[in-house]
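Okay, so here's the structure we're looking at.
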Amino acid sequence: MNSELGEVVVASTVRDGDNEIGVEIADPRQDTMTQDWHCTYRVAGTRTHRVRGPDRLAAVYAALIDIPGATARFGSTDLVADPHRRRDPVAGRPRGTSGATAREFGPPLGARAVDTATGPVVIVLGRPRRDPSSPHTCLCPFRIDDRTEVFGQGFDDLHAVLAAIRGASAILGIPRDWPAGAQARTTRSG
């Protein structure tokens, strides 16, 4: 899906009380000068926010964890603050699949090498998408060293990505915030 942010890789429209609130996270881009990755997102159609990370996945994760603060600034304090609280997704919004069906891996969202008790592994997260066999479910594929392919699932893109991150954490016995890059920084833009 494309918007004025560029290619949107994670999107959600949720109801918060009587309000419908949209969240869009754009595909991260690398700054050629600093080599940092920038991820731009927008909540409720307001100005954009930019976060940084040392790699693509860290930048997307920085956006995911920054969104609750942005929603508080715009009057919706619980949009993503409690990822276990179910909210009703808005039905009927268009969903792109980036060329992949629900059970194919498709284009990667990001990758990270992590150290585990049994040695280093590479975790690759795919882009989330709606499951055509279950319209109220989104899937986010992830792989561990190209040998284990699993899906995180949630009721929207945001929660599917978080479920994939937590799923990799549970399988490998690593901290739940493993994608957090050192020195993730937030900047505001117009």
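Here are some notes:
- Neighbour-count ranking [beta-carbon atoms within 10 angstrom, fewest first] of S134, S12: S134, S12
- Residue-by-residue Karplus 3J(HN,Hα) for region 140-152, coefficients 6.51, -1.76, 1.60, Hz, glycine and proline x: 10, x, 8, 10, 10, 6, 6, 10, 10, 10, 9, 10, x
- Remark: region 156-170, residue by residue, has Karplus-estimated 3J(HN,Hα) of 8, 4, 4, 6, 5, 5, 4, 5, 5, 4, 6, x, 4, 4, 5 Hz, where x stands for each Gly or Pro and the curve is 6.51 cos²θ - 1.76 cosθ + 1.60 at θ = phi - 60°.
- Of the residues Y61, Y41, the one with the fewest other Cβ atoms within 10 Å heads the list, and the complete ranking is Y41, Y61.
Read-outs: derived from the displayed coordinates by stated rules, not from any lab. Keep in mind it's a predicted model, so treat the numbers as computed, not measured. With ideal geometry, Cβ positions are generated from the backbone for all residues, glycine too; neighbour counts draw on all protein chains shown.
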